[in-house]
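Written out below as structure tokens is the structure these notes cover.
Each reported figure results from applying straightforward, stated rules to the coordinates on display, with no laboratory input. Here the structure is a predicted model, which is why all the values come from computation and not from measurement. For neighbour counting, all protein chains shown are included, and Cβ atoms are generated from backbone atoms with ideal geometry for every residue, glycine included.
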Amino acid sequence: MLKLRDRRRTIKSLSEELRRLMQGGGEVTVMHLCGTHEDTISRYNLRSLLPENLKVVSGPGCPVCITPDEDLQRAFHLLEKEKVTLTTFGDMARVPFEGRSFFYYKSKGYDVRIVYSVFDALEIAKESDKPVVFFAIGFETTMPSTALAVLDGVENFYVLSAHRYFIPAMEHLLSFEDVRIDGFICPGHVSTIVGVKAYEHIKVPQVIAGFEPEDVLLALCMLVKAIKNGEVCLMNEYTRAVKYEGNLKAQRVMEEVFGRDDWEWRGLGVVKNSGAPLNKKYEDFDALKVFEDSFKDFEPKEDRRKRLCRCGEVLRGVITPLDCPLFMKACTPKNPIGACMVSFEGTCNIWAKYWRC
Amino acid sequence: MDGVVEMCIAIPGRVVEVDYPFAIVDFKGTKRKVRVDLLDDLKEGDWVLVHVGIAIQKVDEEEAKRTVKLLEQIGLG
């Protein structure tokens, strides 16, 4: 990247350009769709550099946050019913349901292991006599790794899939009456896999952006120009990592292993074609199928502790964490209630970290 | 925070050694073995983005330079 002095000059020029572009115009609302973009924006306090009539809101770009309680309860149910080793990512392990999380189960003696990668779970499975279940979350960025792990064909390795395709959620967002979106900043890492082509059918101005502060501001300039000119176009600022076709090999393994279904998201409701269950061909690795009998009496419940939690609206970009009555009062990074406060990609967690109120 | 790993980020690193389906990748001095079988023709010196233990895309150095140049020009007004 640039030298520090040049970076300052560039950031100043870009913010001046944004002010010039927005001068005298109506309000424009741009939604970004990646927790890492929120991190860049909050870490560098980029919102303070924007003109008042340009709003950048954060969307459902955090896989841990959008995983609904039902999926979490299903994993807990499996832990209680079967003698399995349950593996998952660290962020996910802290999300509470009625005060219980994967870490809670671990503290009670259940075999829960935190992994950095699905391949760590695979290694555990190779050396274990017990069934090893990977509670798989994540968007298109993460799904290819789970797919490869399934294709490796390790005998006692199973996937409890909570993977979700992100692109259908973008179309779904546009259907909400309370959500205003003049343009999208598309998620950079998802885009490295799906490519520019995956967004072509979405009829809103869009830009794929990298994760440096300069990237985000430059992407915003490109997007605001298009919005002002009334152009519904799709631009790519993150050319160093995102190609038109994306990663074809990753797309192939993903399609090979996962199907599509209508699944629920926290905050968004049921999103058509967004769920990624394992294809029938790989049902020997599908925890839902293999432990079918254990799930017969599974009934998801509502978490009464979350009745004041407004994660859903934060995920739709309708409110900011500051509008939630629990934010930094009952709900803190140390004692989170909502998923958005747990994950490092969650808007509430990020706002808590860089709090400047 | 012990045992807590950020899952959604992708980190750029430089490939030090390739032995498909693995490679050793250097992240600012920290070397890790990662899966690379989603990328073809990877060679020593390539930059890759690594997400949850697997390289998901190559970083195109020419494109990166082009972006830096563009940003430099913007900075000069």
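Would you mind computing Rg(Cα) / (2.2 N^0.38 Å) for region B:11-73, counting N as its residues?
Cα-based Rg divided by the globular estimate yields 1.16.
Just to confirm my numbers, what's the Cα centroid distance between region A:40-90 and region A:120-165 in Å?
Going from one Cα centre to the other spans 20 Å.
Which entries in the list A:Lys281/B:Lys33; A:Lys106/A:Lys280; A:Lys197/B:Lys65; A:Lys249/B:Lys33; A:Lys301/A:Lys329 go over 28 Å, if you measure between the two C-alpha atoms of each?
Those over the limit are A:Lys281/B:Lys33; A:Lys106/A:Lys280.
Using a Förster distance of 45 Å, how high is the FRET efficiency between B:Lys69 and A:Glu127, based on the Cβ-Cβ distance and rounded to 0.05?
In this case the efficiency is close to 0.35.
What's the average, rounded to a whole number, of partner chain beta-carbon atoms within 10 Å of each residue's beta-carbon in B:45-57?
What the average comes to for B:45-57 is 6.
Take A:Lys301 and A:Lys108, extend 7 Å from each Cα along the Cα→Cβ direction, and tell me the distance between the two endpoints in nm.
1.1
At what distance in nm do the modelled label points of A:Arg252 and B:Phe27 sit from each other, each positioned 7 Å from its Cα along Cα→Cβ?
Taking the simple label geometry, A:Arg252 and B:Phe27 are separated by 2.8 nm.
How would you order B:23-34, A:338-349, A:60-71 from highest to lowest mean count of nearby Cβ atoms within 10 Å?
In descending order of packing, they fall as A:338-349, A:60-71, B:23-34.
Per residue Cα convex hull volume for chain A, in cubic angstrom?
Cα convex hull per residue, to the nearest whole number: 141 Å³.
Stick to Cα atoms and the Kirkwood definition of Rh, then tell me Rg/Rh for region A:120-210.
Here the Rg-to-Rh quotient is 1.13.
Once the piece of chain linking A:Asn229 and A:Thr29 is laid out straight, how much longer is it, given 0.36 nm per residue of separation minus the C-alpha distance between them?
Residue separation times 0.36 nm, minus the Cα-Cα distance, leaves 70.5 nm.
Mind ordering A:172-185, B:46-59, A:200-213 by average Cβ neighbours within 10 Å, highest first?
My ranking of the peptides, most packed first, is B:46-59, A:200-213, A:172-185.
How many angstrom lie between the Cα centre of region A:169-207 and the Cα centre of region A:225-269?
A separation of 7 Å, based on Cα centres.
Can you tell which of B:Phe22, B:Leu70, B:Val34 lies farthest toward the positive end of the dipole of chain B, using +1 and -1 charges on the Cβ of basic and acidic side chains (Lys, Arg; Asp, Glu)?
Value: B:Leu70.
Roughly how many nanometres apart are two label points built 7 Å out from the Cα toward the Cβ at A:Asn335 and A:Lys280?
Here the modelled spin labels are 5.1 nm apart.
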